[in-house]
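See below for the structure under consideration.
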Amino acid sequence: MAEVKIGNTLVGDGHPCFIVAEIGINHNGDIDIAKRLIDLAKFSGCDAVKFQKRTIEIVYTPEELAKPRESPFGTTNGDLKCGLEFGTEEYEEIDRYCREKRIPWFASCWDERSVDFIEQFDVPCYKIASPSLTDDDLLRYTRSRGKPVILSTGMSTLEQIDHAVEVLGREDLVLLQATSTYPAEYSELNLSVIPRLKKCYGVPVGYSGHETGIPSSVAAAALGACMVERHITLERAMWGSDQAASLGPSGIIKMVSSIRLVEIAMGDGAKKVFEREAPIIRKLRRKEYVFA
């Protein structure tokens with residue numbers, strides 16, 4: 001099984017699960033909230049944080065932007081999208097703050113101009129969000145940057161994933177099993193796809209979750225997910241479309257610690273009798289067979 005190097009960390013079978021705190025747009029357009037979320041990710045033991053970057057006038061049609069939508073930023077969908085979008089000043093502060101806190105950051109770029117924007121910060125990898133899996137031009141452009149690519153596979157068929165992998169190539173590629181509903185129902189998560197994707201493509205496979213709670217993310221790690229990505233928030237009741245599908249402070253802390261315990265519990269696969277079992281054998285076993 002291949003492995004991918006993200007920054008200074010190897011991701012793949014035989015390495016600790018790479019845990020990504022998805023901040024996305026949960027900062028609500030406030031750089032101070034973004035920095036508090038970076039602090040939470042670092043404190044909880046996450047390996048990286050991720051944001052989203054869009055060029056609003058490219059990703060959305062004028063008709064979509066003109067649709068009525070009440071938000072703290074105005075009365076149209078365009079007001080909302082623009083209000084949530086960080087620019088150069090904010091990303092310079094994110095880059096500075098993450099370096100200070102010693103936690104890598106990267107972003108999912110929804111268009112080519114956003115790839116160029118994020119490239120100036122020399123991020124360790126790029127994420128391609130599930131809606132962009134069928135955007136061949138964006139796949140090729142992102143790959144041309146020469147960085148590892150993480151591809152989410154929500155709302156996609158195996159045939160569509162086949163094509164995306166063909167376009168991207170398998171080198172320095174991580175696939176993420178995902179279901180693009182917010183919050184996702186547990187019956188929709190289909191975690192058994194994780195080993196299937198590993199077998200099909202021979203690349204590291206992880207999990208991007210949008211459900212409430214942590215059991216499925218921990219189970220994903222036990223099933224062999226080399227990366228787990230979850231949205232985080234300061235408070236799930238905060239305003240914002242992604243907050244309800246996110247983990248609050250106690251949730252992300254518990255998820256990270258649970259995944260690390262599961263990694264220890266998985267062991268090396270060799271059946272053995274542990275030294276601490278010896279007195280239990282003497283106490284409880286009536287007969288002990290010794291084989292030459």
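With +1 on each Lys and Arg Cβ and -1 on each Asp and Glu Cβ, and nothing else charged, work out how big the dipole of the range 162-221 is about its Cα centre, in Debye to the nearest 20.
The calculated dipole for the range 162-221 is roughly 220 debye.
Provide the percentage of antiparallel DSSP beta bridges, counting only those with both residues in the chain; round to the nearest 5.
Antiparallel bridges make up about 15 percent of those DSSP assigns within the chain.
Would you indicate which of (i) 39; (ii) 57; (iii) 36 is the value of percent of Cα pairs over 28 Å apart derived from the coordinates of this structure?
Computing percent of Cα pairs over 28 Å apart and matching it to (i) 39; (ii) 57; (iii) 36 gives (i).
Provide the descending list of Cα extents for the range 112-170 along its principal axes, expressed in whole angstroms.
So the three principal-axis extents are 34, 19, 18 Å.
Restricting attention to the range 257-292, which trypsin sites (Lys or Arg not before Pro) occupy a DSSP loop and are surrounded by at most 16 other Cβ atoms within 10 Å?
In loop regions of the range 257-292 (DSSP not H, G, I, E or B), the sparsely surrounded trypsin sites (Lys or Arg not before Pro) are Lys271, Lys272, Arg285, Arg286, Lys287.
Can you give me the % of accessible surface on the range 100-227 that is carbon or sulfur? Probe 1.4 Å, all protein chains present, nothing else counted.
After summing per-atom areas, the C and S share lands at 48 percent.
Taking the range 85-132, which chymotrypsin sites (Phe, Trp or Tyr not before Pro) meet the DSSP loop condition and have no more than 13 other C-beta atoms within 10 Å?
Answer by residue number: there is no such site.
Rounded to the nearest whole Å², what accessible area per residue is found for the range 1-107 with the 1.4 Å probe? Before the final figure, lay out the partial values.
Working: 5070 Å² over 107 residues.
Spelled out: the 1.4 Å probe surface of the range 1-107, per residue, equals 47 Å².
Quick one: among Ser152, Ser246, Ser257, which has the greatest mean-square fluctuation in a GNM of the chain with alpha-carbon springs under 10 angstrom?
Ranking Ser152, Ser246, Ser257 by mean-square fluctuation puts Ser257 first.
Grab the DSSP H runs of the chain that are 4 residues or longer, score each as -39,500 (n - 2.57), total them, divide by all residues and round the 222 nm result to the nearest 500 deg cm²/dmol. Display every interim value, and only then the final one.
Numbers: 12 runs with 114 residues, N = 292.
One gets -11000 deg cm²/dmol as the mean residue ellipticity at 222 nm.
Among the chymotrypsin sites (Phe, Trp or Tyr not before Pro) in the range 189-292, which ones are in a DSSP loop with at most 16 other Cβ atoms within 10 Å of the Cβ? Mind listing them?
Trp239, Phe274, Tyr289, Phe291
Over the Cα atoms of the range 142-198, each weighted equally, I'd like the Debye log10 I(q)/I(0) at q = 0.14, 0.21 Å⁻¹, rounded to two decimals.
With one equal scatterer per Cα and no solvent, log10 I(q)/I(0) is -0.42, -0.84.
Tell me, what is the FRET efficiency for His15 and Ile281 to the nearest 0.05, using R0 = 45 angstrom and their Cβ-Cβ distance as r?
In this case the efficiency is close to 0.85.
Can you compute the FRET efficiency between Ser257 and Asn8 using 1/(1 + (r/R0)^6), with r the Cβ-Cβ distance and R0 = 22 Å? Round to the nearest 0.05. Could you put the intermediate results ahead of the total?
Working: r = 23 Å, r/R0 = 1.03.
Rounded to the nearest 0.05, the efficiency is 0.45.
Assuming a ≥ b ≥ c are the square roots of the Cα gyration tensor eigenvalues, decide whether the range 65-134 counts as rounded (a/c under 1.5), prolate (otherwise, with a/b larger than b/c) or oblate.
Because a/c hits 1.5 or more and a/b fails to exceed b/c, the range 65-134 counts as oblate.
Given springs between every Cα pair under 10 Å in a Gaussian network model of the chain, which of Cys200, Cys82, Cys46 has the largest fluctuation?
Evaluated over the chain, the most mobile residue of the options is Cys200.
Of all DSSP beta bridges located in the range 1-143, what percent are antiparallel, nearest 5?
35
Calculate, in nm to one decimal, what Glu90 and Glu235 gain on full extension: separation in residues at 0.36 nm each, minus their alpha carbon distance.
50.0 nm
Rounded to a whole number, what is D in µm²/s for the range 26-168 from Stokes-Einstein with the Kirkwood radius over alpha-carbon pairs (10 °C, 1.306 mPa s)?
97
Work the Kirkwood hydrodynamic radius out for the range 114-255: mean of 1/r over every pair of different alpha-carbon atoms, inverted, in Å.
Its Kirkwood hydrodynamic radius stands at 15.7 Å.
Go through 134-140, 175-181, 66-72 and give me the packing order, highest mean Cβ count within 10 Å leading.
Sorting 134-140, 175-181, 66-72 by mean packing, highest first, produces 175-181, 134-140, 66-72.
Please compute the length gained on full extension between Glu288 and Glu188, using 0.36 nm multiplied by the number of residues separating them and subtracting their Cα-Cα distance.
Result for the pair: 31.2 nm of gain on full extension.
The values are calculated or read from the model by the stated rules, or taken from the named source; none is laboratory data. Quick caveat: nothing in here was measured; it's all calculated off a predicted structure. Cβ atoms come from the backbone with ideal geometry, glycine included; neighbour counts cover every protein chain shown. The protein model used for the area step is the full one, side chains on, heavy atoms only, and it has no ligands, DNA or RNA in it. Shrake-Rupley method; radii C 1.70, N 1.55, O 1.52, S 1.80 Å.
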